[in-house]
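Have a look at the structure below, then the notes.
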Amino acid sequence: MSATKVKFSPVIGLEIHIQLNTKSKAYSTDATTYGAAPNTQVSPVSLGHPGTLPMFNEMAVKSAVKLGVACHSNIRERNEFARKNYFYADMPKGYQITQHHTPICYGGFIAIKDADGNEKKIGITRIHMEEDSGKSIHDIDPFHTLIDLNRAGVPLLEMVSEPDFRNGVEAYNYLSEVRKLVRYLDISDGNMEEGSMRCDVNVSVRPEGREKFGTKVEVKNMNSFRNVQRAIDFEIKRQVALIESGGEVQQETMNFDAAKGETVLMRSKEDAHDYRYFNEPDLQPVIVTEDYVENVKNNMPPLPSALVEKYVNELKLSEYDAAVLTENKQMAWYFEELISHTKNYKSAANWMMGAIKSYLNERAVDIENFTVKPAKIAACIQLVDDGKISNTIAAQNVFPKLVEYPDTEPLQIAQENNWIQESNQDALLEIVQQALAKYPAKVEEYKAGKKGLLGLFMGEVMKLSRGKADPKVATQLLTEELSK
Amino acid sequence: MKISKEEVEKLAHLSRLQLDETAVTSMQKDMNKMLSFVEKINELDLEGVEPLAYMSDEVNVLRADEIKQEITHEEALKNAPDKDTDYFRVPKVLR
């Protein structure tokens, strides 16, 4: 037996297909609505009829540039299209129009968290524009495969990463980041279950310290982030075990069986495709000028990474708060509007992550459909800061009323319900004296050194004032009275 | 450049065409004719000439992202050799 076992380190790369949310297809004018009746959103071009000519959708170019800018990529000036030839029933032209040698974006990175929570940059090799295929349905007709071409020609971006991942967690975090990005940019639904984001992974392992990569295996057909992570971790174990038992990894394409949690062989290298790429003569080159890129950049919404930086550095919020607030675009937009109405950022963040978030979760409402406007929340924060109502009253009493009557002013709600805090010294002093009069024995104990009793007196003050006593003033008055 | 029988068979397979022996032979002959026709170009001195991929110099021939439904569902299926009311029908791909 060998004394030391060879350690292996995995090398993983991801290819993501992002379905763009354009209204019409990449090369023709038929609609792209998800879930339409089969073969109703088709055209002579997407059906692959002879003699038809494709015409490219300008929105697809714009979306690609947006993603490229967000990933710090270089944007190519002269873009050409190519035909990728293969025969499949859901690809009626017999070729996919894609970009081969001239991907619109190349280079760049996406920052993610690694398995230990440290920042890591994942390199982007390329992003190119192409089109989706139709759908083959194998389980309706027992004797035939059925073809729905609604999806044929829907624009896609294929995003290829550098082999920078070391485990499944990193891949999971990367996918979350990409989804967040495409949703912020509003270029895709980023929904893996509906297929608007799809992911293939390349996995290989090599003995630690060796420069040369091992033979890679491609895994396809994972329908959730979690399954991508599981497939990677399974594949690493399988390859290491195979090599340790004297075997050799073959260049293969595998499917992921989510039920078994295993990868299964789909095709071996012998069946590999021969795509015979050549220039698409029916589409003229697309020139993306520096001005165009600059213009797209200037009209882009702030990205989650920029917002996190602003919240941590300028607003002095914690990294955790910043991450939660930017989790989705709508949440961030709401917060952005909220902080345009108040300077108490910490309190604004607390409202978002406290009262507002729990209300939304409870009612299963999206923040886009939340009827209370940020300005009203800011007014609540102001009432608390002015000492007119306590935090507790604001969150537990005023807020529910506000949800019920989103058009009323928080101040009005507090007044009508008699929730305005008693900070009037004379009135409060009376209450303080009443509270102390109720517990003469405890007052003696306090004076004898049992300072913890202050809480009891405070509770009584709150009870007598029905929660309206300003705690700061009340504490001050209590200590004064007790030291007499 | 000559095209081999194996190359014809490979191309036929990639296009999912079934060719019998006679068809392979005649196809090979035809393709060789085509290739030698195109080979004529090799006789020219093309030093410094950029390959011509497009028939015009136009660029950015783009269209706005607007929907125009040009054909109906019935028209889409009309010319298909096999179909049902909703779908195109093809031989079973997965067995």
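The values are calculated or read from the model by the stated rules, or taken from the named source; none is laboratory data. Here the structure is a predicted model, which is why all the values come from computation and not from measurement. Heads up, the Cβs are rebuilt from the backbone with ideal geometry, glycines too, and the neighbour counts pull from every protein chain shown.
Taking the listed residues A:VAL324, A:VAL296, the one that is at pLDDT 95 or above, more than 14 Å from chain B (Cβ to nearest Cβ) and part of a helix (DSSP H, G or I) is A:VAL296, with no other qualifying.
Before we move on, is A:ILE122 more than 9 Å from chain B (Cβ to nearest Cβ), surrounded by 18 or more Cβ atoms within 10 Å (Cβ to Cβ) and either under 20 Å from A:GLY94 (Cα atoms) or among the hydrophobic types (A, V, I, L, M, F, W, C) (or both)? Here the answer is yes, as A:ILE122 does meet what is asked.
In this entry, A:GLY214 passes the filter for residues that are assigned to a loop (DSSP other than H, G, I, E, B), surrounded by 15 or more Cβ atoms within 10 Å (Cβ to Cβ) and outside the structural domain of A:THR33 (by TED's automatic domain parsing). The listed residues are A:VAL61, A:VAL11, A:VAL6, A:VAL45, and the only one of them that is of a type in the set (Val, Ile, Thr), touching a Pro at 6+ places or on another chain (Cβ under 7 Å) and within 13 Å of chain B (Cβ to nearest Cβ) turns out to be A:VAL45. Within the range A:395-413, identify whether any single residue is within 15 Å of A:THR479 (Cα to Cα), out of contact with any Asp or Glu (no Cβ under 6 Å at 6 or more places or on another chain), in a helix (DSSP H, G or I) and not β-branched (Val, Ile, Thr), and answer yes or no. Within the range A:395-413 (the criterion being within 15 Å of A:THR479 (Cα to Cα), out of contact with any Asp or Glu (no Cβ under 6 Å at 6 or more places or on another chain), in a helix (DSSP H, G or I) and not β-branched (Val, Ile, Thr)), the answer is no, since none of the residues qualifies.
Among the residues making up the range A:50-83, those that are surrounded by fewer than 19 Cβ atoms within 10 Å (Cβ to Cβ) and not in a helix (DSSP H, G or I) are A:PRO50, A:GLY51, A:THR52, A:LEU53, A:MET55, A:HIS72, A:ASN74, A:GLU77, A:ARG78, A:GLU80. Among the residues of the range A:254-275, those identified as hydroxyl-bearing (Ser, Thr, Tyr) and at pLDDT 90 or above are A:THR263, A:TYR275. Only helices (runs of 4 or more DSSP H) whose full extent lies in the range A:329-391 are considered here, and the ones with at least 3 residues that are farther than 26 Å from A:ASN417 by Cα are A:329-338, A:345-351.
Could you grab me the full set of residues in the range A:237-273 that are surrounded by 11 or more Cβ atoms within 10 Å (Cβ to Cβ) and of a type in the set (D, E, K, R)? A:LYS237, A:ARG238, A:GLU244, A:GLU252, A:ASP257, A:GLU262, A:ARG267, listed by residue number. The single condition from (1) within 11 Å of chain B (Cβ to nearest Cβ); (2) under 25 Å from B:GLU66 (Cβ atoms); (3) in contact with a strand residue (DSSP E or B) (Cβ under 7 Å, 6 or more places away or on another chain) that A:HIS17 fails is (1). When A:VAL217 is tested against (1) within 14 Å of chain B (Cβ to nearest Cβ); (2) over 21 Å from the mean Cα position of the chain (by Cα), exactly one condition is not met: (1). Among the helices (runs of 4 or more DSSP H) confined to the range B:1-92, the ones with at least 3 residues that are surrounded by 12 or more Cβ atoms within 10 Å (Cβ to Cβ) and within 8 Å of another protein chain (Cβ to nearest Cβ) are located at B:73-78.
Here is a check on your reading of the model: is A:TYR311 in a helix (DSSP H, G or I) and within 14 Å of another protein chain (Cβ to nearest Cβ)? In short, no.
The residues listed here are A:GLY117, A:GLY134, A:GLY195, A:GLY153; of these, the one that is in contact with a Pro (Cβ under 8 Å, 6 or more places away or on another chain), small (Gly, Ala, Ser) and either without any contact (Cβ under 8 Å) to a residue 40 or more places away in the chain or closer than 30 Å to B:ILE67 by Cβ (or both) is A:GLY134.
Residue count for the range A:303-322 under the criterion of being closer than 12 Å to A:LYS180 by Cα and of a type outside the set (Ser, Thr, Tyr): the result is 2. If you filter the range A:14-49 down to residues that are touching a residue at least 40 places away in the same chain (Cβ under 8 Å) and of a type in the set (Val, Ile, Thr), you find that the one that is surrounded by the most Cβ atoms within 10 Å (Cβ to Cβ) is A:VAL42.
The set of residues in the range A:429-455 being within 52 Å of the chain's Cα centre (by Cα), surrounded by 15 or more Cβ atoms within 10 Å (Cβ to Cβ) and over 26 Å from A:ASN417 (Cβ atoms) consists of A:LEU453 alone.
Counting only strands (runs of 3 or more DSSP E) wholly contained in the range A:121-171, the ones carrying 2 or more residues that are under 22 Å from A:GLY190 (Cβ atoms), modelled with pLDDT of 95 or more and not hydroxyl-bearing (Ser, Thr, Tyr) occupy A:155-161. Considered as a group, the residues in the range A:295-347 that are of a type in the set (S, T, N, Q) and over 22 Å from A:ALA70 (Cα atoms) include one that is surrounded by the most Cβ atoms within 10 Å (Cβ to Cβ), and that residue is A:SER347.
Inclusion of A:ILE187 among residues that are out of contact with any Leu (no Cβ under 7 Å at 6 or more places or on another chain) and either outside any helix (DSSP H, G or I) or assigned by TED's automatic domain parsing to the domain that holds A:THR33 (or both) is not warranted. For the condition over 21 Å from A:ASN279 (Cβ atoms) and touching a Ser or Thr at 6+ places or on another chain (Cβ under 9 Å), B:PRO91 qualifies.
A single member of A:LEU456, A:LEU436, A:LEU482 is aliphatic (A, V, I, L, M) and closer than 22 Å to A:ILE389 by Cα, and it is A:LEU456.
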